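Engineer: Mind looking over this structure? Questions follow.
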Amino acid sequence: MNLGLTMRWGYSALQFNGNAYAYFPSDHLNNMQSFTLAATFFPTTSTGTLIWNSSMAIGCLFGLHYKDGFLHFTGLLHNKEGIGVTSSTPLSLNEWHQVAVTFDGPQRLIKLYQDGKEVASKVVAGAPYPDVKLATLIGVGKQITTSGYENYLNGQIARVVIWKSVRNAFEILEDALAITPPMEKLPDLVFWTDFTEMPTDDRSGYATPITYSTPPPNYLYSIPSVKVTENGAIDCGVYADYDFGGHQPYTVEGWFNPAASTDMAVILSFAKDWQWQYYIQYDKTNSRIIAKRNTDSQEIYSKEQITEGRFYHFAISYNGDSKMMRLYVNGNLQTAEYFPAPVASIDQGKLLIGGNGFTGYFQNVRLWKACLEQSELRQWMLNDVITDPRLVANFDFTVTPPIDSMGHAIQLLEGTANTLADTVINLEERKAQLGIAMPINSSYFNNVEEAPLPPPTGIKFAPQSELFSPVHKEQTFTDLVNLFNLDTAKQSHFREVFEKAYTQAETMFTTDPRLGKVVTRTDENGRTKIVYHSLRGDVLMYDRPIGEISDCTIWWISFTFTMSVSFFGIFLPLPIFSPFNQIPTKVFNLIVKNAKLVTAITALVGTEIGVASGLNIITEMHREKVLWPVLKFSFIAAGWFALGAVLARIITLLTGTVAAEILAKFIVWTAQLTKLSLEYQGNCGKLAENKPVPAV
């Protein structure tokens with residue numbers, strides 16, 4: 001596939017095909033009394049090697065690998081005794097995983113972690129073997145008795161991190177999800193390489209050189225999208241707002257990669273039976289895009305040749321005042337024609353993307369009830385709109401299942417499915433040497449202001465225990481036992497984890513007064529500013545003119561921000577929010593437009609919000625397809641790979657018990673929500689149905 005124009009959203013990884021590997025000198029790995037080996041990888045076969053160091057004379061010093069679908073650690077103690085630990089949880093194929101092994105020398109303890117959870121542990125009789133002389137391998141193991149290689153990796157590796165200290169469960173997860181490497185050299189970090197960035201270097205501060213075998217592995221550049229089958233399509237449903245009858249202005253635009261089994265395949269159509277209103281086709285024979293408006297028997301088409309196997313941005317706009325329809329490719333105007341007659345409305349018309357033999361890919365498609373100017377098309381071509389009053393549909397095909405942040409249902413027909421449009425990039429290619437920029441950014445300045453929706457009503461206060469009191473502690477434990485559906489046998493082990501987590505959370509919350517304050521509001525120089533106090537520091541989340549909205553609405557914006565964006569802030573550093581893009585306000589609007597979420601959230605406000613109820617809201621946001629837009633709008637500069645990994649790991653963590661270090665942060669997060677909940681009456685008292693109930 002020819003990448004062509006810099007893609008809107010994609011990522012790279014190092015691709016191993018069972019005959020290649022990478023390696024680096026082990027100078028900084030000598031005399032490790034403890035260590036952590038971690039990797040993010042995508043296996044396509046059930047056996048392979050991630051990280052390996054061995055010597056024919058001594059044996060395997062350390063090796064993180066998997067066999068028959070199970071993660072293993074093989075190593076050597078200081079007395080040359082061989083050791084091994086195996087996970088009891090299988091690794092699924094063709095999915096990304098974050099795995100790690102920690103070796104605590106003083107405690108003589110080895111632990112295996114898989115996707116944020118501890119999956120095995122073993123007490124051993126000594127510390128790690130100290131003398132690491134030979135190169136450390138990535139993607140292959142080495143036979144101990146000969147000089148041959150074995151257990152080549154088939155799949156992809158995104159990140160490899162090595163510490164000469166023990167990382168806890170949260171730190172391992174944090175390393176896997178980190179958007180950027182540490183900004184300063186850390187004494188225990190000895191190797192950090194991220195193959196989702198081209199070119200790839202060791203970013204630990206040691207600048208350890210990475211060398212590749214002959215033949216070498218390649219980069220695999222992947223573009224998340226939906227592939228349409230020959231007889232398939234993307235059914236976007238029957239909705240009245242798709243209808244731009246008469247002289248209503250509109251814009252249809254998106255990213256696609258053309259391919260077809262017929263001469264005239266459909267890119268997009270709005271029609272019912274044989275009556276259509278707007279129609280966009282891929283003309284395979286003449287390598288062009290054709291746009292039609294069912295009025296004047298005219299069509300317009302692109303002048304630039306459209307090549308299959310390459311992504312393009314297309315846009316068709318109609319100006320109801322000038323009666324001009326325009327066609328753009330990659331932001332460049334191709335043609336414009338006069339369409340003076342009004343178009344007939346189509347009652348019960350259906351919007352379809354793809355069809356009639358189209359076999360290419362779509363990454364996103366958007367419909368606007370406005371004729372976007374060329375400057376705006378170029379803005380949104382490489383950026384992601386958050387919300388906009390002119391936006392009708394915002395179909396995102398990068399996530400499984402696809403979603404529309406405007407609420408329209410999507411159905412994939414006849415084998416059409418989410419996939420990755422892949423292209424191989426050799427290490428010596430210019431793209432690999434210079435890298436591929438990812439310019440997508442939802443914080444791009446949007447000229448269209450968005451007012452917050454009316455705040456929810458019907459809040460009923462209920463008795464609640466004092467935070468970190470014995471009653472609060474036991475209620476939190478009971479709720480978590482029910483959430484995770486733990487039987488009596490499992491409750492005993494979880495109790496140990498919970499006690500550790502609760503103590504950590506109480507210490508964090510009580511020793512840092514910022515966390516208990518949650519937010520700080522100032523009204524100065526004509527501006528109302530709200531600073532959110534997170535576990536990672538302070539973030540300015542709201543900066544607007546004084547009196548622009550009510551105190552109650554400001555409270556709701558703060559509360560929904562803390563419930564959603566700050567939950568992600570447990571795992572990722574919160575970004576800087578510009579007063580112009582109004583992201584917290586738009587996240588609030590996105591949430592309160594959903595009736596199910598409003599019902600669930602208003603039931604919590606004015607009550608004690610525990611970890612179980614907080615995580616249930618996050619789960620409901622995921623079910624209602626709101627979680628991904630919130631994550632994307634807030635952190636989109638991190639790139640698709642990082643955000644996809646965050647979402648995948650969060651869903652994993654919601655489905656079972658977690659380590660104490662992670663649970664502690666969940667407890668702090670819900671304690672902040674409870675503190676805000678208690679402030680509802682002071683900001684929205686007239687909307688409450690009863691008065692606050694004293695804490696018990």
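Taken together, the values in this text are just the output of simple stated rules run on the coordinates, not laboratory data. Values in this document were obtained by computation on a predicted structure and should not be read as measured data. Glycine gets a Cβ as well: all are built from the backbone with ideal geometry, and neighbour counts include every protein chain shown.
Engineer: Between rounded, prolate and oblate, where does the stretch 105-150 land on the alpha carbon gyration tensor, with a ≥ b ≥ c its root eigenvalues, rounded for a/c under 1.5, else prolate if a/b exceeds b/c?
Structural biologist: Working: a/c = 2.51, a/b = 1.46, b/c = 1.72.
Taking the square roots of the gyration eigenvalues as a ≥ b ≥ c, the stretch 105-150 is oblate.
Engineer: If the cut-off is a Cα-Cα distance under 18 Å, which aspartates and glutamates reach LYS323, setting aside same-chain residues fewer than 8 apart in sequence?
Structural biologist: Those aspartates and glutamates meeting the cut-off are ASP243, ASP296, GLU299, GLU337, GLU373.
Engineer: Here's another thing I want to ask about it. Among the complete DSSP H segments of the chain, which ones combine at least 15 Å of alpha-carbon extent along their axis with a mean Kyte-Doolittle hydropathy of 1.6 or more?
Structural biologist: Working: long enough: 470-484 (21 Å, -0.17); 488-511 (34 Å, -0.78); 551-563 (18 Å, 0.83); 611-623 (18 Å, 0.32); 640-653 (19 Å, 1.88); 660-678 (27 Å, 0.98).
Helix filter hits for the chain: 640-653.
Engineer: If you don't mind, there's one more thing I want to ask. Around LEU76, with a cut-off of 15 angstrom between Cβ atoms, what is the net charge of the other residues, counting Lys and Arg +1 and Asp and Glu -1? Walk me through the intermediate numbers first.
Structural biologist: Numbers: positive: LYS80, ARG108, LYS122, LYS133, LYS142; negative: GLU81, ASP131.
Result for the neighbourhood of LEU76: +3.
Engineer: Among TRP52, TRP96, rank each residue by its count of other Cβ atoms within 10 Å, from fewest to most, as a rough exposure measure.
Structural biologist: TRP96, TRP52
Engineer: Related question: Tell me the label only: which of [x] 60; [y] 31; [z] 64 is percent of Cα pairs over 44 Å apart as calculated from this structure?
Structural biologist: Only one option fits the structure, namely [y].
Engineer: How high is the relative contact order of the stretch 191-278, in percent, with contacts defined as C-alpha pairs under 8 Å that are six or more residues apart?
Structural biologist: Values: 40 pairs, mean separation 12.3, N = 88.
Relative contact order for the stretch 191-278 comes out at 14 percent.
Engineer: So which lysines can LYS111 reach, going by Cα to Cα under 28 Å and dropping same-chain residues fewer than 8 places off?
Structural biologist: Filter leaves LYS67, LYS80, LYS122, LYS133, LYS142, LYS164, LYS185, LYS490, LYS500, LYS665.
Engineer: What are the semi-axes of the equivalent ellipsoid of the stretch 256-336, taken as the square roots of 5 times the eigenvalues of the Cα gyration tensor, listed largest first and rounded to whole Å? Let's see the in-between values first.
Structural biologist: Values: eigenvalues 83, 55, 20 Å².
For the stretch 256-336, the ellipsoid semi-axes come out as 20, 17, 10 Å.
Engineer: OK, next. Taking a quarter of the surface of the Cα convex hull of the stretch 220-274, what do you get in nm²?
Structural biologist: 5.9
Engineer: Related question: So for THR511, THR251, THR607, fewest C-beta neighbours within 10 Å to most, what's the order?
Structural biologist: Numbers: THR511 8, THR251 26, THR607 18.
Fewest-to-most Cβ neighbours within 10 Å comes out as THR511, THR607, THR251.
Engineer: Between the stretch 455-489 and the stretch 549-592, how far is it from one alpha carbon centroid to the other, in angstrom?
Structural biologist: 24
Engineer: What percent does the relative contact order of the chain come to when contacts are Cα pairs within less than 8 Å and at least six residues apart? Display every interim value, and only then the final one.
Structural biologist: Numbers: 1602 pairs, mean separation 97.3, N = 696.
Rounded, it is 14 percent for the chain.
Engineer: Quick one: which residues, 5 or more positions from ALA233 or on another chain, have an amide H under 5 Å from its amide H? H modelled 1.01 Å from N in the peptide plane, none for Pro or chain starts.
Structural biologist: Distant-sequence amide H within range of ALA233: LEU413, THR416.
Engineer: Mind checking the log10 I(q)/I(0) for the stretch 225-434 at q = 0.08 Å⁻¹? Debye, one equal scatterer per Cα, no solvent, two decimals.
Structural biologist: Evaluating at q = 0.08 Å⁻¹ gives log10 I(q)/I(0) of -0.25.
Engineer: Quick one: net charge around THR359, please, counting Lys, Arg +1 and Asp, Glu -1 for every other residue with C-beta under 9 Å from its C-beta.
Structural biologist: Net of charged neighbours comes to 0.
Engineer: Which aspartates and glutamates, on any chain, are close to LYS517 with Cα under 19 Å apart, when same-chain ones fewer than 8 places away are left out?
Structural biologist: Filter leaves GLU466, GLU506, ASP538, ASP543, ASP551, GLU608, GLU679.
Engineer: Does the stretch 363-423 come out rounded, prolate or oblate, given a ≥ b ≥ c as the square roots of the eigenvalues of its C-alpha gyration tensor, rounded meaning a/c under 1.5 and, failing that, prolate meaning a/b above b/c? Walk me through the numbers before you get to the answer.
Structural biologist: Numbers: a/c = 2.53, a/b = 1.54, b/c = 1.64.
In terms of gyration-tensor shape, oblate.
Engineer: If you take the square roots of the eigenvalues of the alpha-carbon gyration tensor of the stretch 21-205 and sort them as a ≥ b ≥ c, do you get rounded (a/c under 1.5), prolate (a/b over b/c) or oblate?
Structural biologist: Numbers: a/c = 1.20, a/b = 1.10, b/c = 1.09.
Because its axes are fairly even, with a/c under 1.5, the stretch 21-205 counts as rounded.
Engineer: I've got another one for you. Sorting check: for 572-578, 159-165, which peptide has the highest mean count of neighbouring beta carbons within 10 Å, and how do the rest follow?
Structural biologist: 159-165, 572-578
Engineer: What is the sum of charges around LEU486, taking Lys and Arg as +1, Asp and Glu as -1, for the other residues whose C-beta is under 13 Å from the C-beta of LEU486? All intermediate terms of the calculation are to be shown ahead of the outcome.
Structural biologist: Numbers: positive: LYS490, ARG495; negative: ASP479, ASP487, GLU496.
Residues close to LEU486 contribute a combined charge of -1.
Engineer: Let me ask something else about it. Specify which residue in the list TRP9, HIS408, PHE559 is farthest towards the positive end of the charge dipole of the chain, using unit charges on the beta carbon of Lys, Arg (+1) and Asp, Glu (-1), about the Cα centre.
Structural biologist: PHE559
Engineer: I've got another one for you. Check the cysteines of the chain one by one and keep only those with no other cysteine Cβ under 4.7 Å from their own.
Structural biologist: CYS60, CYS236, CYS371
Engineer: Could you give the size of the charge dipole of the stretch 225-434 about its Cα centre, using +1 on the Cβ of each K and R and -1 on the Cβ of each D and E, expressed in debye and rounded to the nearest 20?
Structural biologist: With Lys and Arg at +1 and Asp and Glu at -1, about 280 debye.
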